[in-house]
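The values are calculated or read from the model by the stated rules, or taken from the named source; none is laboratory data. What you see is a predicted model, and the numbers here were worked out from it, not measured in a lab. Note that we place each Cβ from the backbone using ideal geometry, even for glycine, and neighbour counts take in every protein chain shown.
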Amino acid sequence: MRTLYPRLLAASLLVACGAHAATNTPPPTPKRMVSETLAGMPVNDPYRWLENPDAADVKQWIDAQNAYTEATIGKAPLGKELSARIRELAITSTTRSSPTLAGGTLFYFENTPPQPQPVLVAKAWPDGPVRTLVDLNKGDGNTAITEYWPSPSGRYLAYGTAEGGSELTTIHVLDTTTGKALPDELPWAGGGTTPQALAWDADEKGVTYARFDAPTQDKPLREFDAYLAHHVLGQPASKDTVVFGKGYSDVAEYVLHDGNGGKSTALLANEGDGGPAEVFLRNGNGAFRKLLGHDADVRSASWVGNRLFVVTFAGAPRGKVVAFDTDGKRSDVLPEGEGAIQRVTALGDGFLVVRSAGPDWWADQYDGKSAFVRRVPLPATGIVIGGVAAEKGQAKALITYAGWTVPPHWAEYDGNTGALKTVFEVKPAADYSKVRVTRVEGTSKDGTKIPVTVIAMDGTTPNGKRPTILYSYGGFDIPVTPNFIGPNLAWIERGGVLAYANIRGGNEYGEAWHEQGQKTRKQNVFDDFYAASQALIATKWTDTKHLGILGGSNGGLLMGASLVQHPEQYRAVVAMVGIYDVPRHETAFANGPYNRSEYGSVKDPAIAKAMLAYSPLHNVKPNTRYPAVLFTTGANDPRVAPWQSRKFAAAVQDASTSGYPVLLLTRMNAGHGIGAPFSQRVGNAALSMTFFATELGLGE
């Protein structure tokens, strides 16, 4: 679920639509009632038959829906113009992302649009020549690098790949000095339901990594019960040995951090998404021993020198830092302070702490005694800090950041002098200097204040009817951050407005902000979003006839709940890869149980009652004027079942009396959006923007 960010993403029209004739009304959907009892309440499901993607009638229904969507969008007057402009804006200079330093070598992804996928490169830091290590662009662009892990010296590189958006990962290894691949291939190495994880041995002769049991003829792949295995380079994966996790949790997720040059390994073990981690430590190839349990409310950790720094939120809603030496001895490092801690990174004999408060991000430097040194001289507002790459003992770090109007930058920060020097920046395809960013505030049902960032061109003033797109997410600790608007300039340069709300469920203000949007308190998320929309209307940016809303994944659930709870508030909705039948998400799909820590379990009567109260599918009302809706999903999605979109789209199509289109697009060679090639990403933005432009009257 930890995937989608505040950008205009939707589905591409590059799908096979069959031979169905286009009509002005959606394809009919038969009702085949299934009834059951949940939390003592009767639940009827007339669309359960749509859950089987292999059934011939479901395949025909998907084809018909795709044809209807394609025909409807194809009539949009601004479609070709917006598509061309979005592609033009997407072709920036070369971009870089995800830097990591190991053994004096800088590893990172590099992408030159319209190249389908990023390539993995390396260079001696700071001024060595760039060497391409992995390039998967020779095929159709649907194979993606999912993650990478350099060895402590930088000599070897492990990296994961996945096909067609499925995210099911295979790990490969290469020798960075020769560029040659090793024979090692580690399949079933997580992805989708449980994330990948890998740590190198100190002698670089093996790795510990997360994996599932291999499928057999009698036992199909089960994406549960992930564990940690040890692999010796040169041996077949079938000889890998289990080192942790057998019986730990059916929804185990792992994060590994190797420290001390690989001599020590820290493990953060989660039971599903969105919950706190337990912390374990291993020295050498010994056993992992527990340092902290779930009650410590740990969310992240990193090595600083020879100590493991752990961010805990127990008794500290904005986070505090404690440390463990390699013997497991604990010490306090940093008490709770201003802003929520997002991450900690080593710097010289001290460390950097990245913090946030709503949409504002910054980084503070501390010395080896945890005394404050200075705030890193980054822009004070309107940016998000991405990766921070540094090596043990070095006083310089590479900091990546971007902002609403600031394309991605890499800056070298000198901890001794405080100097910050830009070493790389993306050259955008247009001028963003005339984009203006303002902020308004909504008040949620319980009085909580909700920041809303408003983005428009200079001279675009509130007139009560600006075509406006409001985005948020609201879950799993994921903050809404000031990402570069990039191709979305195509919307605001035509007089449109973009808005981003920092609602509960994310961690913008710390863990309490997240927890107030979980489980039985999930309704707070929907109330916050409604308050954000009310703020846009109250400040005269827009009205209900010109307001559109956008979200994906957990944000797709947000869209579904918003449109059924307040159908009169919104004129158009784009809901991507969303959860709409909330109770069956847990019980009838592989990734569902991984989300119990966020949504709770339907087996708990109080949780089930709360779910049924907000579950979008269960709250569709017949004969209701619903807004125009575009649903998108991917046939290979491992995180949210595609049938979620099928069932909800059918229900809204049947119930709506507004006459506005209710569309569903299924991409047949795509998943949740992870690893999508360039052409699909451009198509994504063009489709959603074209839909909004048509329904909200952009340029009229």
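Scanning the stretch 112-132 for residues that are of a type in the set (A, V, I, L, M) and surrounded by fewer than 20 Cβ atoms within 10 Å (Cβ to Cβ), which turns out farthest from Leu89 (Cα to Cα)?
Ala124
Of the residues that make up the stretch 467-475, is at least one farther than 23 Å from Tyr401 by Cβ, within 21 Å of the chain's Cα centre (by Cα) and part of a loop (DSSP other than H, G, I, E, B)?
Within the stretch 467-475, one or more residues are farther than 23 Å from Tyr401 by Cβ, within 21 Å of the chain's Cα centre (by Cα) and part of a loop (DSSP other than H, G, I, E, B).
For the stretch 488-511, indicate whether the set of residues that are in a helix (DSSP H, G or I), surrounded by 22 or more Cβ atoms within 10 Å (Cβ to Cβ) and under 18 Å from the mean Cα position of the chain (by Cα) is non-empty.
So far as the stretch 488-511 goes, yes, one or more of its residues are in a helix (DSSP H, G or I), surrounded by 22 or more Cβ atoms within 10 Å (Cβ to Cβ) and under 18 Å from the mean Cα position of the chain (by Cα).
When the residues of the stretch 593-651 are narrowed to those that are of a type in the set (Val, Ile, Thr) and not in a strand (DSSP E or B), which ends up modelled with the lowest pLDDT?
Val640
Criterion first (modelled with pLDDT of 95 or more, within 27 Å of Phe288 (Cα to Cα), among the aliphatic types (A, V, I, L, M) and in contact with a strand residue (DSSP E or B) (Cβ under 8 Å, 6 or more places away or on another chain)) does Val354 satisfy it?
On the way: modelled with pLDDT of 95 or more: yes; within 27 Å of Phe288 (Cα to Cα): no; among the aliphatic types (A, V, I, L, M): yes; in contact with a strand residue (DSSP E or B) (Cβ under 8 Å, 6 or more places away or on another chain): yes.
Judged against the criteria, Val354 is not a match.
Any residue at all in the stretch 564-587 that is among the hydrophobic types (A, V, I, L, M, F, W, C) and surrounded by fewer than 24 Cβ atoms within 10 Å (Cβ to Cβ)? If you could, list the steps in order and put the result at the bottom.
Of all residues in the stretch 564-587, those among the hydrophobic types (A, V, I, L, M, F, W, C) come to 564, 572-577, 579, 582.
Right, trim to surrounded by fewer than 24 Cβ atoms within 10 Å (Cβ to Cβ) and you get none.
No, there is no match, as no residue in the stretch 564-587 is among the hydrophobic types (A, V, I, L, M, F, W, C) and surrounded by fewer than 24 Cβ atoms within 10 Å (Cβ to Cβ).
Please find, within the stretch 19-77, the residue that is nearest to Thr666 (Cα to Cα) out of those that are among the hydroxyl-bearing types (Ser, Thr, Tyr) and surrounded by fewer than 12 Cβ atoms within 10 Å (Cβ to Cβ).
Quick first cut of the stretch 19-77, residues among the hydroxyl-bearing types (Ser, Thr, Tyr) only: 23, 25, 29, 35, 37, 47, 68-69, 72.
Now narrow it down to the ones that are surrounded by fewer than 12 Cβ atoms within 10 Å (Cβ to Cβ): 25, 35, 37.
Working: Thr25: 18, Ser35: 27, Thr37: 31 Å.
Among those that are among the hydroxyl-bearing types (Ser, Thr, Tyr) and surrounded by fewer than 12 Cβ atoms within 10 Å (Cβ to Cβ), it is Thr25.
Quick one: would you say Arg299 is basic (Lys, Arg) and over 25 Å from Tyr509 (Cβ atoms)?
no
Out of Ala124, Ala71, Ala76, Ala67, report the one residue that is within 30 Å of Thr176 (Cβ to Cβ), more than 25 Å from the chain's Cα centre (by Cα) and among the small types (Gly, Ala, Ser).
Every option except Ala124 fails the conditions.
Looking only at strands (runs of 3 or more DSSP E) that fall completely inside the stretch 251-296, which ones have 1 or more residues that are touching an Asp or Glu at 6+ places or on another chain (Cβ under 6 Å) and within 16 Å of Arg596 (Cα to Cα)?
Passing ranges, in order: 264-271.
Name the strands (runs of 3 or more DSSP E) wholly within the stretch 302-366 that hold at least 1 residues that are under 20 Å from Asn502 (Cα atoms)?
On the way: elements: 307-312, 320-324, 330-334, 340-347, 350-357, 360-366.
Fully inside the stretch 302-366 and qualifying: 340-347, 350-357, 360-366.
Tell me, yes or no, whether the stretch 521-535 has at least one residue that is more than 22 Å from Val497 (Cα to Cα), surrounded by fewer than 24 Cβ atoms within 10 Å (Cβ to Cβ), in contact with a helix residue (DSSP H, G or I) (Cβ under 8 Å, 6 or more places away or on another chain) and charged (D, E, K, R).
There is at least one residue in the stretch 521-535 that is more than 22 Å from Val497 (Cα to Cα), surrounded by fewer than 24 Cβ atoms within 10 Å (Cβ to Cβ), in contact with a helix residue (DSSP H, G or I) (Cβ under 8 Å, 6 or more places away or on another chain) and charged (D, E, K, R).
With respect to the numbered conditions (1) basic (Lys, Arg); (2) farther than 30 Å from Gly510 by Cα; (3) modelled with pLDDT of 95 or more; (4) touching a Phe, Trp or Tyr at 6+ places or on another chain (Cβ under 8 Å), which one is the sole condition not fulfilled by Lys290?
(2)
Is it the case that Asp54 is more than 30 Å from Asp175 (Cβ to Cβ), assigned to a loop (DSSP other than H, G, I, E, B) and without any contact (Cβ under 8 Å) to a residue 40 or more places away in the chain?
yes
Does any residue in the stretch 389-415 that is basic (Lys, Arg) come within less than 7 Å, Cβ to Cβ, of a residue that is surrounded by fewer than 20 Cβ atoms within 10 Å (Cβ to Cβ) six or more places away or on a different chain, and which pairs are these?
Between residues of the stretch 389-415 that are basic (Lys, Arg) and residues that are surrounded by fewer than 20 Cβ atoms within 10 Å (Cβ to Cβ), the close pairs are Lys392/Gly305; Lys396/Glu412; Lys396/Asp414.
In the stretch 414-426, what count of residues is obtained for those that are in contact with a Lys or Arg (Cβ under 8 Å, 6 or more places away or on another chain) and over 22 Å from Thr481 (Cα atoms)?
Going through the stretch 414-426 one residue at a time, the tally reaches 3.
Here is a list of conditions, (1) within 24 Å of Gly517 (Cβ to Cβ); (2) touching a residue at least 40 places away in the same chain (Cβ under 8 Å); (3) among the basic types (Lys, Arg), and Arg466 meets all of them except one; can you say which number that is?
Here Arg466 clears every test but (1).
From the list Asp201, Asp218, which residue is acidic (Asp, Glu) and either over 30 Å from Asn283 (Cβ atoms) or modelled with pLDDT under 95 (or both)?
Asp218
For Leu470, state whether it is out of contact with any Leu (no Cβ under 7 Å at 6 or more places or on another chain), hydrophobic (A, V, I, L, M, F, W, C) and closer than 16 Å to Thr539 by Cα.
No; evaluated as a whole, the condition is false for this residue.
Filter the stretch 299-325 for residues that are at pLDDT 95 or above and not hydrophobic (A, V, I, L, M, F, W, C) and give the result.
Arg299, Ser300, Ser302, Arg307, Thr312, Gly315, Pro317, Arg318, Gly319, Lys320, Asp325 - these are the residues of the stretch 299-325 that are at pLDDT 95 or above and not hydrophobic (A, V, I, L, M, F, W, C).
Yes or no: Arg681 under 20 Å from the mean Cα position of the chain (by Cα), part of a helix (DSSP H, G or I) and not small (Gly, Ala, Ser)?
yes
Can you tell me which residues in the stretch 512-544 are over 24 Å from the mean Cα position of the chain (by Cα) and assigned to a helix (DSSP H, G or I)?
Residues satisfying the conditions are Gln534, Ala535, Leu536, Ile537, Ala538.
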